[in-house]
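The values are calculated or read from the model by the stated rules, or taken from the named source; none is laboratory data. For clarity, every value in this text was computed on a predicted model and none was experimentally measured. Cβ: placed from backbone, ideal geometry, glycine included. Neighbour counts: every protein chain shown.
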C-alpha cells in the first residue's frame, strides 16, 4: 500500500522536485547552485507579489527562523499589534519578547478570526507602529483577510508583517499592492519543496534601520549576500541548504510555468471540495465558512486522535490538533504543495471510513459525492488546469 | 498539478522502489547487485507460488522477451492449444509460428473469456501437448480462471504455460498447486518495478529438453547463470539491467513484508470499487462481471479517446483501447503496483468529469459514492492493510 | 570510504544521468518518454556517425540482444566472415549458428588483432557476403582498425556489421563515411547510461530483406515503431525500459553539448595515461601498443585475481580476466562513461599498491608519475575539456 | 567529463546518502523521520565522543546557527577567551558581541596556531569563565591541539566550547575524556551529509542556566524536543530539515559500520599524501607541518585564483582563499565526507597541471609520486580500510 502525506508540515512533494535537489558535486559556490539561488530569489518575489522595491532573502532554517529574523526590522522602542488566530500566531509573542520588543495581542477563539472592528479600534489609539498577522493559521486552518486588514492598517502603522508560512504559493499575497512591508514563509509548506529554507521578502525601505540583536538574525548582514545571489554571484555568509534551494528553484519554475493564479485556483478547488465534503459527510469543519483556507482544513471530532490513527492504517497521514483549547477534539488536513484536486476524495474516503469505525455518525459516501459535485462544477468549463 | 499514471504499462511506482535502483558504482559483479539478484529470484518463486521443483529466470528484456524465451521449452513437433482473450493472447501466434511450432487457437470476443467447455472439447481430441493462456488480458481486463483451466488441462497436456504479465503480484498464481509448468511476467506491471526485466519461472523437469532455436532465447544457456545467481555468485551471460533488478528486489521485499495475500486483497478491493463505481456512474465495464481482474479495467464509451485526453488534463493518464474489434470505443485503467484503494476514487472522479464533458450520460458523484461504500464494506473490520 | 567502479560492465555513471531516469508517473506513452526516445534515437545516429540513410533502433535488452537482432539482416544462404579478437567476438558464432547462418572465423591470439593481410586473403576468395568485427574486444582491450578493415571489406561484401558495445561513444565510428552497414551497442558501456537497452543502427537499404527467424529479433517488426518514435509518437511494440531511455537521453544530450570529438579525446587521454602508467610501474599491458583502446585496458599479472581483490579493498572494482587462454593471468580496467582523465591516477594508485602487496615487482609511484606526465603533455595547451 | 567537488563547503557526498534523503511522503511526525532523528542524535554523541552526561541537538540551520545557539550557554556577565586561527574563529566575535557577552581574543597569523604559552598566560589571570576554540580553521586548514588546550583550560574555566564544523567525523573529538563542555558542527562538512542541519552537543550540567536572548537560539526551548526525539517521539518545535536528517542518519550508520577510528585514519592518510605531495611538487602548504588537518589543506601561490579556475576546467572545484591577510595568494582543498585516499592523487594531478599552466615552478609528477609513496607506506600492511 502506498502512503500519502496530508500533514500540515512538509507537504506533498513531487519526484522531480526532490530529484532536482540531488546534486552532483554541487557546492555553495558552484554555478548550478548560484543559478538556482537567483531563480529562487526571483521566484520568491513573484509569488509574494513583490516588485523591485522589495528584497528577497533565503536563509538556512525554518519558518521560525524567518519569523525571528524579520523581527530585526522592528525598531526597539516601537510597539506592535499582533493579530493571532491560534498557536502559530501566538509564537510571535515569545520571539518579540525575547528581544525586548513591546506588543499587544488581539486573539480569536479557535476557528474564528480577530474582527476588523477590534483591529480598527486598537489602531485608532495611535499606539502602534507595527502590525503582525498570520495569513493562514496552521493550528486551525483559519485564513485572515489580509486585504481588508492591510487597508485599515496601512493608514496607522509603519510596518505590516505577514506570516505566510502556510499560504505563500497557494493564496494570493500581493504584498506590493496591499502595502505590506514584509512577508515570511518556509520552503516546505504551500510551496511544496523540502524543509530547510527560511524565506523572507522585505521592502527595501524597511532595511534602513535594522535592530542589532543578533548576528544571524540580523537582516543587515544578509543584504549584500542576497544582492550578490540576485546577480548569480557567490554571496556566502553561512552555508545555504544547497539541495533544498535546488529543489525550491524547481518549484518556482513550475509555478511560473503553470501561472500563480492557476496554482492558487487549483488549491482553492481542492479545499472547497474537501471542506464541503466533510460537512456533507456529517462532520464539522473548525473554521467558519468564510474563513476556510486553501491549504489547511481542521475537522472537529471527539474521536480526532483515533481518526488520525485509523487514517494512517488506511494510507493517509493527517495531523493531530495542537490548539490547547481544543486539543484532542479536532484533527488537521494539509493540502499544500504538489496536490491534485482529486486528492480531496482520497482524504474524504479515509476520513469517512476511519470516523465511522470510531463510532462517529458519518454518512458513508455522501462526503465524497458532494466533493465530486463541486469539482465537477468548478472544472466543467475548462477540463482542469495544466502543469 | 501532480499527474498520476494509471496506464496499463509501467505502473504506479514508489519513490523507494525507484531510489533503490539508483546505485552507487554497482556493476553486474558487485556484491549489492548479486544480493539483489538472489533476493529477486527467490521473490519471483514466492509470488508465483512455486516450490523448489521450479527454477526462476530474470533476463534483460520485456514481457515479449519472456514470452519468446519460454517458448524454448516447447518441443518442435509438439502441438499447442492457445487460449486467447485479446491482443496479448494473440501475440503468442507469431512467436510460435516464427519458430515453426504448431498451434491451434481458441479465442473469445472482447470482454469475454474462452469457455471451459470449448477448452475441454479441444483437449479431449488428444492432439495437444501444450496449453498456453493469459491470466489477465491487458487489452480487455478479462481474467481467465487459471485454476479451472489447469484442472482440465493437466490431464491432457505435458506443459501448461501462463502469461502472468498483467497478473503476477496482484492475482493468485499458485503454480505448484495448480500443476502449471511455467509462468512469465515482466518487472513493470503488477509488480510495480520499472520496466526492463523479463521474468520466467519454469518447472525444472521442463528444462531437460530445450528447443535450440536461438542463443539468447534459449533457456538452456540461462540455467547455470541463474543457479549461480541463486547462490549470490556472478552468473554473467548477458548484462542484466542492474538498476531494474535493484528496484525489483525492493518490490519483492515489500511484498514479503506485507504478505502476498494481503497485497492481492488490496488490489481486489480497489478493483471492485472501481468497477462497481463505473457502472454506478452509468458507464459500462467491458469485461463480464465474473471476469473482472484485479489489475486492468476496460470501460466502454463512444467518447473513449476523448475521455482519455480529458483525463490527462484533469491529472490522470489512462490507456486507450487497442483491441482491433472495438478500438476507439473503450479505454483502459491500470491499477497495478504501488496503489492504494482510494486511488479508485481519483480515477472515478476524473472519469465522471471527463465523460460528462464529452456528453456521456453520467451521474456525477454516483460512481465515487458507490466505490466508497464498497471500500467501507471491505475495510470496516480491520481498518485497512499495512505496508 | 567511497568505492569506484572501473569494471568493464556498467560503467562510471553520473548522478544526473541516473536521476534523469527516476521518473514521475512516466509510462511508455507519456510525453516525456516520447521526447526522450526521439532524442535518444537521434543521438544514437550522431554518435555512430550515421546519416539519414540509416535507421536507429532502441530495444529492451542488452548487447547480446542487439547482436542477435542485427543478425536478422543476414540473409539465409549468405556467408559471413567473422573477425574475432576474443570472447565477445566469439559470441557471434553460436548466435549465427543457432539461426543456420554459415560463417568462417578469423581469430587472433589474446592481445593481438586479426591481420589485415589475412582478412584480405579471405575476402579475395569471393565467398563472403557479410563481415562482422568487434571494434573494441572487451575481453582483451584490443581495438581493431575499423577504417582499414572497412576499406578492404566494402569492395568484397554486401554487409559490414560492427560490434560497438565497448566503443560507441568513446571511439570514432563514422559508419556512413566508412560504408559500414550496421553497428550495435548497449546503453551501459562507453555511453555510461544504466544497462537495459540494446542499440542498433542499420542502413535502411539493408532492411529490405529481413530474416524471419524470430518475432522479437526481427528488425522488420521494429521499423514502424522506431519511425513513429522518431516523430515523438507512441511506437509501442514491446515495453521499452522507460527509465533507462530517460537516462540515455540525458547522456546523448551531454555528448552533444561537449562534442563527440572532445568526448573521444578525453577517453583517449585517460587511456594513454593509464596504459603508459601501467608499463612504467613495471606491469605489462595485454594489448599490443598500437591496439590500445580508449575504453578497456587489460593487464597481465600472475597475481591478477589477487590484485582485483586487493583493489576492491582499496576502493576500486576492476574486472577479472575472462579469455580462456589466459584466465587468471590478467585483469581488466574499464574506463568508460562519465570518467575524468585523473581517474587514471586513482586506478594506478590502487594497482601499484595491490600488486606490490601480492609480491609483484612494481615501482611504487613510477606509474602514477608517468601517467601524470602524459596528462600534462596532452592538456597543457587548453587546460582540459568542458562538460 | 565528470566534475569532482573538493571545496571546503558541502563535501564529497555519496549517492546512497543523498538518496536516503529523498523521502516518500515523510513528514516531521512520520515514523521513518522519527527513527532517523533518534539515530542521528545518538550518532552525534558517538562521533563527538560524548557520554550520557551530554545532550545532543539537531536544528534546522547551518554552522553559524549552531555557533549562535550554543552561545546561549554562556552566562551574561561572564568573560570568554577566544582562540582564533582565522576567519571562522573570528566569527565568534560579532556573535558574542551582539548578545552583550564580553570576550578577549588570542589570534594567530595565517598558517599558525595560537601558542599554548599565550593561552596559559591569559588563563592564569583568572579572568575567564569560558574558552572557545576552533578545532580545524576552515580558512587556513590549521588544526589546534584541542587535547593540550583542554588540559590547560579545564583547570581555569567553567566552559570549553569547541567549533567542530570542519572536524567532527574526521578528527578525534573525544569531548567527554577531554572535559569539553560543548561542541558544535554542521551536517555538510566532515560528516558528508547535505547542508541544512546545525549540530550541537552540550554537557547537561551546562544546560541549567541558559541565556534568554532569543527564542530560536535558546537551548532551553530545545531540551524537551530533543529528549523526545531521543525516544523516537515527535518533538516538534520548528520544522526540522527532514531530508537532511534522513541523509545524516545514513552517514552516522556508515560511520558506525566502518568504525570512527578507521574513518579518521582514512582522512589522515589522504591528507598526509596530499600535503606531502604539494610540497614535493614544489608548492607550499600554508599550515605549519605539525598543524596539518585531516580535512582542509591550504596552498600558497601567487596564482591561486588562476589555479582554482584552471582546476575547474580540469574537473575539480577547489575553494579560493578567504583570509583577508593573504586573500588571492592561496587556495583551499576540502577533503571531507565520502572521500577515498586516492582522491589525493586526483587533486594533485589537477593542481600540478593548473599551476604549471600559470607559470608556477612545479615538478610535474613529483607530487603525485610522493603522495603515492605515502599511501603505499600507510596501507601496505592491511590493504586499506573497509566500508
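Summary table below
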read-out: Residues located in segment A:357-368, provided they are farther than 16 Å from residue B:367 by Cα and at the interface with chain B (Cβ under 7 Å from one of its Cβ atoms); value: A:357
read-out: Answer from C:59, C:82 - the residue that is in contact (Cβ under 8 Å) with a residue 24 or more places away in the chain, within 12 Å of another protein chain (Cβ to nearest Cβ), assigned to a strand (DSSP E or B) and touching a strand residue (DSSP E or B) at 6+ places or on another chain (Cβ under 8 Å); value: C:59
read-out: Test: residue in segment B:174-190 that is over 21 Å from residue B:84 (Cα atoms) and crowded, with 20+ Cβ neighbours inside 10 Å; value: yes
read-out: Given (1) farther than 28 Å from residue C:338 by Cβ; (2) touching a strand residue (DSSP E or B) at 6+ places or on another chain (Cβ under 8 Å); (3) within 8 Å of another protein chain (Cβ to nearest Cβ), number of the condition residue D:291 does not satisfy; value: (3)
read-out: Selection from segment A:241-262 of residues that are surrounded by fewer than 24 Cβ atoms within 10 Å (Cβ to Cβ) and assigned to a helix (DSSP H, G or I); value: A:250, A:252, A:253, A:254, A:255, A:256, A:257, A:258, A:260, A:261, A:262
read-out: Single condition residue A:157 does not satisfy, out of (1) in contact with a strand residue (DSSP E or B) (Cβ under 6 Å, 6 or more places away or on another chain); (2) touching a residue at least 40 places away in the same chain (Cβ under 8 Å); (3) assigned to a helix (DSSP H, G or I); value: (3)
read-out: Failed criterion for residue C:346 (all others in (1) at the interface with chain D (Cβ under 7 Å from one of its Cβ atoms); (2) touching a strand residue (DSSP E or B) at 6+ places or on another chain (Cβ under 8 Å); (3) in a loop (DSSP other than H, G, I, E, B) hold); value: (3)
read-out: For residue C:311: the one exception among (1) outside any loop (DSSP other than H, G, I, E, B); (2) over 30 Å from residue C:250 (Cβ atoms); value: (2)
read-out: Verdict on residue D:377 being away from chain C (no Cβ under 12 Å), assigned to a helix (DSSP H, G or I) and modelled with pLDDT of 95 or more; value: no
read-out: Checklist (1) buried (at least 19 other Cβ atoms within 10 Å of the Cβ); (2) more than 30 Å from residue B:38 (Cβ to Cβ) applied to residue B:70, failing item; value: (2)
read-out: Exclusive hit being modelled with pLDDT under 95, more than 8 Å from every other protein chain (Cβ to nearest Cβ) and under 20 Å from the mean Cα position of the chain (by Cα), set C:337, C:321; value: C:337
read-out: Residues located in segment C:156-173, provided they are crowded, with 24+ Cβ neighbours inside 10 Å and farther than 17 Å from residue C:74 by Cβ; value: C:164, C:165, C:166, C:167, C:168, C:169, C:170, C:173
read-out: Residues being surrounded by fewer than 24 Cβ atoms within 10 Å (Cβ to Cβ) and free of Cβ contacts under 8 Å to residues at least 12 places away in the same chain - total across segment C:1-29; value: 3
read-out: Residue match in segment D:109-124 (condition: surrounded by fewer than 21 Cβ atoms within 10 Å (Cβ to Cβ) and within 25 Å of residue D:320 (Cα to Cα)); value: yes
read-out: Some residue of segment A:231-247 being modelled with pLDDT of 95 or more, at positive phi, over 25 Å from the mean Cα position of the chain (by Cα) and more than 11 Å from every other protein chain (Cβ to nearest Cβ); value: yes
read-out: Any hit, segment B:320-332, residues being closer than 30 Å to residue A:358 by Cβ and in contact (Cβ under 8 Å) with a residue 60 or more places away in the chain; value: no
read-out: Top-ranked residue of segment A:175-199 - restricted to ones that are more than 14 Å from chain D (Cβ to nearest Cβ) and touching a helix residue (DSSP H, G or I) at 6+ places or on another chain (Cβ under 8 Å), ranked as nearest to residue A:16 (Cα to Cα); value: A:183
read-out: Answer from B:271, B:301 - the residue that is under 14 Å from residue B:6 (Cβ atoms) and away from chain A (no Cβ under 14 Å); value: B:271
read-out: Test: residue A:202 is in a helix (DSSP H, G or I) and within 25 Å of residue A:174 (Cα to Cα); value: no
read-out: Unmet criterion (only one of (1) within 14 Å of chain B (Cβ to nearest Cβ); (2) farther than 20 Å from residue D:228 by Cα; (3) in a loop (DSSP other than H, G, I, E, B)) for residue D:1; value: (1)
read-out: Identity of the residue in segment D:6-45, assigned to a helix (DSSP H, G or I) and within 30 Å of residue D:311 (Cα to Cα), that ends up farthest from the other protein chains (Cβ to nearest Cβ); value: D:17
read-out: Qualifying positions in segment D:207-230 - touching a residue at least 40 places away in the same chain (Cβ under 8 Å), out of contact with any strand residue (DSSP E or B) (no Cβ under 6 Å at 6 or more places or on another chain), outside any loop (DSSP other than H, G, I, E, B) and away from chain A (no Cβ under 14 Å); value: D:207, D:223, D:227, D:229, D:230
read-out: Residue within segment B:138-152 that is in contact with a strand residue (DSSP E or B) (Cβ under 6 Å, 6 or more places away or on another chain) and assigned to a strand (DSSP E or B) present; value: yes
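Yes/no matrix, rows are residues, columns are (1) over 19 Å from residue A:201 (Cα atoms); (2) touching a helix residue (DSSP H, G or I) at 6+ places or on another chain (Cβ under 9 Å); (3) assigned by TED's automatic domain parsing to the domain that holds residue A:179; (4) part of a helix (DSSP H, G or I):
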position: A:47; (1), (2), (3), (4): no, yes, yes, yes
position: A:55; (1), (2), (3), (4): no, yes, yes, no
position: A:64; (1), (2), (3), (4): no, yes, yes, yes
position: A:68; (1), (2), (3), (4): no, yes, yes, yes
position: A:71; (1), (2), (3), (4): no, yes, yes, yes
position: A:76; (1), (2), (3), (4): yes, no, yes, no
position: A:104; (1), (2), (3), (4): yes, yes, yes, no
position: A:119; (1), (2), (3), (4): yes, yes, yes, yes
position: A:132; (1), (2), (3), (4): no, yes, yes, no
